[in-house]
Amino acid sequence: MGNRGMEDLIPLVNRLRDALSSVGERCSLHLPQIAVVGGQSAGKSSVLENFVGRDFLPRGSGIVTRRPLILQLLSDNTEYGEFLHCQGKKFTDFDEIRKEIETETHRLTGSNKAISPVPIHLRIHSPHVLNLTLVDLPGITKVPVGDQPTDIEYQVRDMIMQYICKENCLILAVTPANTDLANSDALKLAKDVDPQGLRTIGVITKLDLMDEGTNARQILENKLLPLRRGYIGVVNRSQKDIDGKKDIKEALRAEKEFFLSHPAYKHMSEKMGTPYLQRILNQQFTNHIRDTLPAFRSHLQSQLLALKKEAEDYMQFNPNDPARRTKTLLQLVQRFAVDFEKLIEGSGDKVDTVNLSGGAKINRIFHERFPYELIKIGSDEGKLRTEINYAIRNTHGVRTGLFTPDTAFEAIVKKQISRLKGPCVKFIDMVSQELTTTLYQCIDKLSSFPKLRDETERIVTTEIRELETKCRDQVMLLIDIQVAYINTKHEDFVIRKGWLTINNIGIMKGGAKEYWFILSAENLSWFKDDKEKEKKYMLPLDNLKLRDVEKGFMSSKYVFAIFNTELRNVYKDYKCLELACNSQEELDSWKASLLRAGVYPEKVAVDEQGNGPPENLSNPQLERQVETISNLVDSYMGIIYKTVRDLMPKTMMHLMINSVKEFISSELLAQLYALGECSALMDESPEQQQHRVEVLQKHAALKEALAAIGEISTSTCTTPLPPPVDSSWIKPSRSSGKPGIRSHAPPVPRVPSAGPKSSPNGSRQHTSQQNRTPALVPR
């Protein structure tokens, strides 16, 4: 009999498997189970048929098991089989079960001996079985046969590893006795995933086919090549017995007689054979279920929690209820509006830690991309100076001009301002594109309803395009306004910068000293140095005039004076301020700049002939005029750049971004209703219908599974796991870059033949006694 203390645990796992089968194999793989692993023709199928007492598995050469077979054995009064893919149909003829397995295998894998990881679920009720759940996996193969893929070996191993790598899976490693146990592929794979041997049970088949004079006694006694859970020997029907339709019950009696009569095995016959293997598996499987059930329950609870919100939303949605459709439409549009605003304002629930998006990207366009575009258009200093040169010469025409012409300055500035239209249009396009990208990010949540998604995308995109056009027109108007009037009286317009010496400060007050002067349209300021951080004084230009000062006998400076026409002090106690330059050319340039700022020369008396002021007040050369206008253009364009950098983001926010947010929150729903197809808008896509059904099914299955687990008490006692043994003789395979692949078998270690050795904790540890093939042990 099995473990009566937990006799309900295996049926519980079957209930869980049935409940979770509707939601795919990902959940089912975490269920406790026994995986049957072995090479081709190792006798795996015969062992399973002996458990059932019936012939029901396909047979043949090469790979016969080409899909995992999840076999649930249930102790019952009647005998029949059921397939999960044929629900409601009972198979009482086991030949029909075999044909159904072959048909279902062929349906997915075809006739070329290919394999598939999709399992076949078979449940067999019988009074001759103990409760068990086993997974029959394809046999390990080395060489492709027929039309099989060239990597069939790796495919089979990957499929096996998918099952046995789970901690909740016991591994039934089946190895024929007439082969080298140290080279067993099944034991090598088990060693890869279970190096401590906590989950591996060894099964030795074909004991009756060993060479005369040899036996597997030391292996079955777990003395040679030991496993922690040990080995169990079985004798299956030979191919001759199968072809001769030998009854399995008769084969089981012959198996019992074999162990009772064999001199090497009769002393342990009660622990050999198929019935004993079935009982041991039942016992260890129930213990294993008990140990792994808490972790499995936690796994189910985490999955249920992840599905809870989505499942609750789907439960409230009835696709055939018009009122529910309308309510869902309203909720989706409101959620869309909230999501869009959150992405723009940067208050979203999910923060992207990889890329900028939404408002953050628009902010980058405002303060990085757009200023960079403005800098690019003014970066060619050589080209600008060439344009100024031509503008000055064309302004003078056939005459030679004495003063720097205002017309040339205005022509250059207007052209520079007009060039801002390109970066501004590009700026609008970038913001518009980012708004559209944000729209796509938010609208993906409407993909469950394709018509609603398409109409929402069309309506909002159209609105963005209309606002883009409106914004472009407004920005062009702003540029044209700047071109229409060049305000040289702007307080930030710097006409000239440079070093000047205040020449008339007495020695007692510090004497003549050089300062950094800045001449704007409103005032003349000077600083300690050209860093312009420590301002010394700011002199308004109102009522100021300038006059020449004769050059001193010992002085190398060229001096001019500034005074107030109302006889007020210009600077502290000084009625005038004498400023000195280093050259006549520099003097003339400063006087011309002051003249441009509205500080004119002192009127001189008109002689009797009516002559005006001397003609030699200023006579700058062309290059100096170019330098002057270049400085003026730079100063004025700095004002324009500052204004445009400030106005453009504000314009975009007002005319475009805020307008789109307002439209989505207040106008979108009205326009959707205006279509007159509200019911059609809420038609689900086929993929969404399937997804909704799957989510609800999975949610229900998880709740059912957790409820089933809650009904079972696992507080009963279990059989303790056997103590550890030295399993280092199994060498995990690592060749060819694939798990479980070895080119050569490891040698079996030689140890003294003194028999079992006691470990310090009192357990008995066994090691191998001979360095030879374990299947060929002399009698």
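The values are calculated or read from the model by the stated rules, or taken from the named source; none is laboratory data. Since the model is a prediction, treat every value here as computed from it, not as a measurement. Using ideal geometry, Cβ is built from the backbone for each residue, glycine included, and neighbour counts are taken over all protein chains shown. The accessibility values were calculated without ligands, DNA or RNA, using every heavy atom of the protein model including side chains. Shrake-Rupley method; radii C 1.70, N 1.55, O 1.52, S 1.80 Å.
General remarks:
- Prolate/oblate/rounded call for the range 94-182, Cα gyration tensor, a/c under 1.5 rounded: oblate
- Computed lengthening from Lys142 to Lys535, 0.36 nm per intervening residue step minus Cα-Cα distance: 132.6 nm
- Full extension of the chain between Ser111 and Leu260 yields a length gain of 49.2 nm, computed as 0.36 nm times the residue separation minus the alpha carbon distance.
- Near the amide H of Gly39, within less than 5 Å, lie the amide hydrogens of Ile140, Ala186, all on another chain or at least 5 residues away, with H placed in the peptide plane.
- Largest-first principal axis extents of the Cα set of the range 153-283 (Å): 39, 34, 30
- Note on Asp158 and Leu305: the model spin-label points, each 7 Å out from Cα along the C-beta direction, lie 3.3 nm apart.
- Distance cut-off 18 Å, percentage of C-alpha pairs in the range 503-601 lying past it: 47 percent
- Computed with a 1.4 Å probe over protein heavy atoms only, the accessible surface of the range 216-326 comes to 50 Å² per residue.
- Cα-projected label distance for Tyr80 with Lys551, points at 7 Å along beta-carbon direction, nm: 12.5 nm
- Using the Cβ-Cβ distance between Ser665 and Asp542 with R0 set to 51 Å, the FRET efficiency from 1/(1 + (r/R0)^6) comes to roughly 0.45.
- The orientation-averaged shadow of the Cα convex hull for the range 441-517, equal to a quarter of the hull surface, comes to 11.0 nm².
- Annotation: amide H of Asn504 within the under-5 Å range of Glu578, sequence separation 5 or more or interchain, hydrogens built in the peptide plane.
- Evaluating 6.51 cos²θ - 1.76 cosθ + 1.60 at θ = phi - 60° for every residue in the range 578-590, the Karplus couplings come out as 8, 10, 10, 10, 9, 8, 5, 5, 5, 4, 4, 5, 5 Hz, glycine and proline recorded as x.
- Burial ranking of peptide ranges 238-250, 156-168 (average Cβ count within 10 Å, highest at the top): 156-168, 238-250
- Integer Hz, Karplus 6.51/-1.76/1.60 couplings in order for the range 474-481, x for Gly and Pro: 5, 5, 4, 5, 4, 5, 5, 5
- The string of couplings for the range 424-439 from the Karplus curve (6.51, -1.76, 1.60, θ = phi - 60°) is 5, 5, 4, 4, 4, 5, 5, 5, 4, 5, 5, 5, 5, 4, 4, 4 Hz, one whole number per residue in order, with x for Gly and Pro.
- Approximating the spin labels as points 7 Å out from Cα along Cα→Cβ, the Gln239-to-Ala512 distance works out to 12.0 nm.
- Too-long pairs where the Cα-Cα distance tops 26 Å, listed order kept, from Lys415/Lys497; Lys99/Lys166; Lys383/Lys557; Lys90/Lys240; Lys383/Lys650; Lys513/Lys642: Lys99/Lys166; Lys383/Lys557; Lys90/Lys240; Lys383/Lys650; Lys513/Lys642
- Computed from the C-beta positions of Arg393 and Ala295 and an R0 of 60 Å, the FRET efficiency is 0.10 to the nearest 0.05.
- Chain lengthening between Glu167 and Glu677 when straightened (0.36 nm per residue, less Cα-Cα): 178.2 nm
- All Cα-Cα distances of the range 33-108, cut into 5 Å bins from zero to the largest, leave 3, 13, 26, 28, 20, 8, 3, 0 percent in each bin in turn.
- A cut-off of 5 Å between modelled amide H atoms, ignoring neighbours fewer than 5 places along the same chain, links Val64 with Gly139.
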